[in-house]
Amino acid sequence: MVVNFKVFKKASPNNMITLYMNRREFVDSVTQVEPVDGIVVLDDEYVRQNRKIFVQLICNFRYGREDDEMIGLRFSKELILVSQQVHPEQKVDITLTKMQERLLKRLGQNAFPFVMEMPTSSPASVVLQQKANDNSQPCGVQYFVKVFTGESECDRSHRRSTINLGIRKVQYAPTKQGIQPCTVVRKDFLLSPGELELEVTLDKQLYHHGEKIAINICVRNNSNKVVKKIKAMVQQGIDIVLFQNGQFRNTISFSESAEGCPLNPGSSLQKVMYLVPTLAANCDRAGVAVEGDYKHKNTSLASTTLVASPEARDAFGIIVSYAVKVKLFLGALGGELCAELPFILMQPKPSRKQLEAAENEEA
């Protein structure tokens with residue numbers, strides 16, 4: 001049986017250091033994260049000089065526009081999650097992957113393996129979309145594997161002898177569906193008998209990107225008001241944990257309907273509205289959260305962030321959530337009645353063929 005490995009390769013500008021990795025996406029299953037592994041190959045000159053080579057896992061969190069930065073003021077934090085010295089080799093026991101074993105045989109004695117454990121509490125790879133003509137660094141969370149030479153891991157690296165390779169921390173949809181979302185809201189009116197009741201139900205809790213969301217709406221009008229219009233929308237909630245007031249929402253899909261309206265007193269209405277939230281419909285909107293590299297052609301809306309507990313949220317992360325909101329319009333004097341249902345929007349776990357196809361496109 002022949003097993004093929006897709007390998008990503010990147011060399012430093014002076015070609016003295018080369019990094020090999022067989023993947024750039026690492027799955028977070030809430031309780032654990034796949035280890036970051038690879039091979040560093042050194043030039044003979046660096047080996048003879050016994051240069052110290054370090055590998056670091058970097059988390060870069062940008063929380064402000066690059067254009068607004070001034071001297072001494074930066075709106076970004078660079079966190080070193082893991083740091084290792086790969087040459088001269090340290091006495092550390094690591095379990096090699098099949099890819100590392102094959103590359104070590106093929107690349108010779110100047111090849112050195114590394115394995116880094118990403119913390120489970122580290123945030124997911126999420127960036128906020130920018131305007132089409134904005135080429136500055138996007139706000140959000142990005143990860144890099146950094147390889148450089150220096151006297152210590154705290155040394156300032158030189159550009160010609162440094163490698164920075166972007167990677168992503170991703171979460172895939174769970175295999176089991178949750179409880180079917182359903183909510184009922186009522187509104188009574190001053191000096192008016194009866195009340196207006198709105199019941200909203202989704203057909204399931206977990207949706208995949210690009211999937212149609214069926215919103216079941218039931219309105220019972222026992223008041224003396226008239227329902228003139230119904231609006232359904234999907235909202236993306238973004239919580240920048242670092243800031244106390246860092247919560248905001250984007251309406252990424254909506255539909256309005258006057259079918260069955262006006263709904264007079266004593267009447268009821270049942271209907272289903274369909275929405276499909278996609279990045280294609282929001283590609284020109286700034287502030288929408290997307291997965292990983294927003295310039296990648298296969299990028300989608302950011303998936304719902306799954307955390308083990310509210311206390312486990314990293315201060316340098318962005319929490320993404322989704323909700324369906326249904327609004328009844330009752331005219332200028334009657335006001336509105338709103339119902340909201342949270343749901344989960346994520347990518348399904350890809351098959352091996354899909355992973356190979358994605359790797360071929362990136363390579």
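The values are calculated or read from the model by the stated rules, or taken from the named source; none is laboratory data. Fair warning: this is a prediction, and the values are worked out from it, not measured in the lab. With ideal geometry, Cβ positions are generated from the backbone for all residues, glycine too; neighbour counts draw on all protein chains shown. With ligands, DNA and RNA removed, areas are computed over all heavy atoms of the protein, side chains included. Shrake-Rupley method; radii C 1.70, N 1.55, O 1.52, S 1.80 Å.
Quick check on V126: is it in contact (Cβ under 8 Å) with a residue 12 or more places away in the chain, crowded, with 17+ Cβ neighbours inside 10 Å, closer than 21 Å to G237 by Cβ and not assigned by the TED database to the domain that holds S12?
When the stated conditions are applied, V126 does not pass them.
In segment 320-331, how many residues are surrounded by fewer than 18 Cβ atoms within 10 Å (Cβ to Cβ) and at pLDDT below 90?
So the answer is 1.
State the number of residues belonging to segment 192-209 that are open to solvent by 50 Å² or more (accessible area, probe 1.4 Å) and among the small types (G, A, S).
0
Out of C261, C182, C218, I need the residue that is at pLDDT 90 or above, open to solvent by 20 Å² or more (accessible area, probe 1.4 Å), hydrophobic (A, V, I, L, M, F, W, C) and more than 30 Å from Y63 (Cβ to Cβ). Which one?
Matching residue, one of C261, C182, C218: C182.
Return yes when S192 is of a type in the set (G, A, S), more than 35 Å from the chain's Cα centre (by Cα) and at pLDDT 90 or above and no when it is not. Please lay out each step first, then the result.
Working: of a type in the set (G, A, S): yes; more than 35 Å from the chain's Cα centre (by Cα): yes; at pLDDT 90 or above: no.
Here the answer is no, as S192 does not meet what is asked.
Would you please name the residue that is modelled with the lowest pLDDT, looking only at residues in segment 284-295 that are more than 21 Å from V170 (Cα to Cα) and open to solvent by 70 Å² or more (accessible area, probe 1.4 Å)?
In this case the residue turns out to be D284.
Take segment 236-250 and flag every residue that is closer than 23 Å to C283 by Cβ and open to solvent by less than 20 Å² (accessible area, probe 1.4 Å).
Q236, G237, I238, N250
Criterion first (assigned by the TED database to the domain that holds A214, among the charged types (D, E, K, R) and at pLDDT 90 or above) does K271 satisfy it?
Numbers: assigned by the TED database to the domain that holds A214: yes; among the charged types (D, E, K, R): yes; at pLDDT 90 or above: yes.
Yes; evaluated as a whole, the condition is true for this residue.
Residue by residue, here is whether (1) surrounded by fewer than 19 Cβ atoms within 10 Å (Cβ to Cβ); (2) modelled with pLDDT of 80 or more; (3) touching a Lys or Arg at 6+ places or on another chain (Cβ under 8 Å); (4) outside the structural domain of V226 (by the TED database) holds:
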residue: A308; (1), (2), (3), (4): yes, no, no, no
residue: D314; (1), (2), (3), (4): no, no, no, no
residue: I318; (1), (2), (3), (4): no, yes, no, no
residue: G334; (1), (2), (3), (4): no, no, yes, no
residue: C338; (1), (2), (3), (4): yes, yes, yes, no
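Test of understanding: among S253, S223, which residue is among the polar types (S, T, N, Q), open to solvent by less than 20 Å² (accessible area, probe 1.4 Å), part of a strand (DSSP E or B) and at negative phi? Give the derivation first.
Details: S223 fails: part of a strand (DSSP E or B).
Of S253, S223, the one residue that is among the polar types (S, T, N, Q), open to solvent by less than 20 Å² (accessible area, probe 1.4 Å), part of a strand (DSSP E or B) and at negative phi is S253.
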